[in-house]
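Below you'll find the structure, written out as structure tokens, and then a few comments.
The values are calculated or read from the model by the stated rules, or taken from the named source; none is laboratory data. For clarity, every value in this text was computed on a predicted model and none was experimentally measured. Don't worry about glycine lacking a Cβ; one is built from the backbone with ideal geometry, like all the others, and counts go over all protein chains shown. Heads up: the accessible areas ignore ligands, DNA and RNA and are worked out on the full protein's heavy atoms, side chains in. Shrake-Rupley method; radii C 1.70, N 1.55, O 1.52, S 1.80 Å.
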Amino acid sequence: TFEAADRFVEFGRQNGMFMVGHPLVWHSQTPQWVFEDANGKPVDRDTLLQRMRDHIHTVVGRYKGHIQAWDVVNEAFNDDGTLRESPWYAIIGEDYIEKAFQYAHEADPGAELYYNDYSLENPDKRAGAIRLIKSLQAKGIPVAAVGTQGHFGLDWPSLEELEKTITELA
């Protein structure tokens, strides 16, 4: 259902706001049935890719021209810089991220596309995210920005790590 989201987007439109949709692909908020067939078994790669494409085209297509940017993929990395073993990764493979960005760009070529994650102040995780972004951009996939969630404490991250994060992401 889109009623609440429609009201939110309309509020943003009426008030001239720059709106970011969050997120299109995230293991944590995807219902389990998306990854399963009618018998509860994991679907195959092609089925999951089609479901991902349908979802992205439905949501992005609905708000094309009203939401200016999308967090396409959220929280795909472990702290050590490796890709999280999510159902997206397990069924589709490493290129699930590339496919998500491709589908989002197809659905609204004018929207800015972002990758979003937390704890990018962790050097290994940050390095993994930067490798991903550079790889996508080298393939011509338009990644406009990286969102970094500020899960900060009083003793972490250090000002030096925070500055490194900003500088390296830039």
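Screening the candidates Val72, Val25, Val20 for the property of being at negative phi, under 15 Å from the mean Cα position of the chain (by Cα) and open to solvent by 30 Å² or more (accessible area, probe 1.4 Å) yields one hit, Val20. Only one of the numbered conditions (1) open to solvent by 50 Å² or more (accessible area, probe 1.4 Å); (2) in contact with a helix residue (DSSP H, G or I) (Cβ under 8 Å, 6 or more places away or on another chain) is violated by Ile141, and that is (1). Does Glu121 qualify as being of a type outside the set (Lys, Arg), in a loop (DSSP other than H, G, I, E, B) and in contact with a Pro (Cβ under 8 Å, 6 or more places away or on another chain)? Criteria met by Glu121.
Here's a check for you: in the stretch 151-163, which residue that is outside any loop (DSSP other than H, G, I, E, B) and open to solvent by 100 Å² or more (accessible area, probe 1.4 Å) is farthest from Lys134 (Cα to Cα)? Residue satisfying both the conditions and the ranking: Leu159.
The set of residues in the stretch 50-65 being out of contact with any strand residue (DSSP E or B) (no Cβ under 7 Å at 6 or more places or on another chain) and either without any contact (Cβ under 8 Å) to a residue 24 or more places away in the chain or surrounded by 21 or more Cβ atoms within 10 Å (Cβ to Cβ) (or both) consists of Gln50, Arg51, Asp54, Ile56, Thr58.
I'd like the full set of residues that are of a type in the set (Phe, Trp, Tyr) and touching a residue at least 60 places away in the same chain (Cβ under 8 Å), limited to the stretch 66-88.
First, the residues of the stretch 66-88 that are of a type in the set (Phe, Trp, Tyr): 70, 77, 88.
Hit for the stretch 66-88 is Trp88, nothing else.
Here is a list: Gly110, Gly81, Gly147. Which entry is at positive phi and not charged (D, E, K, R)? Step through it out loud before you land on a result.
Numbers: Gly110 fails: at positive phi; Gly147 fails: at positive phi.
Exactly one residue qualifies, and that residue is Gly81.
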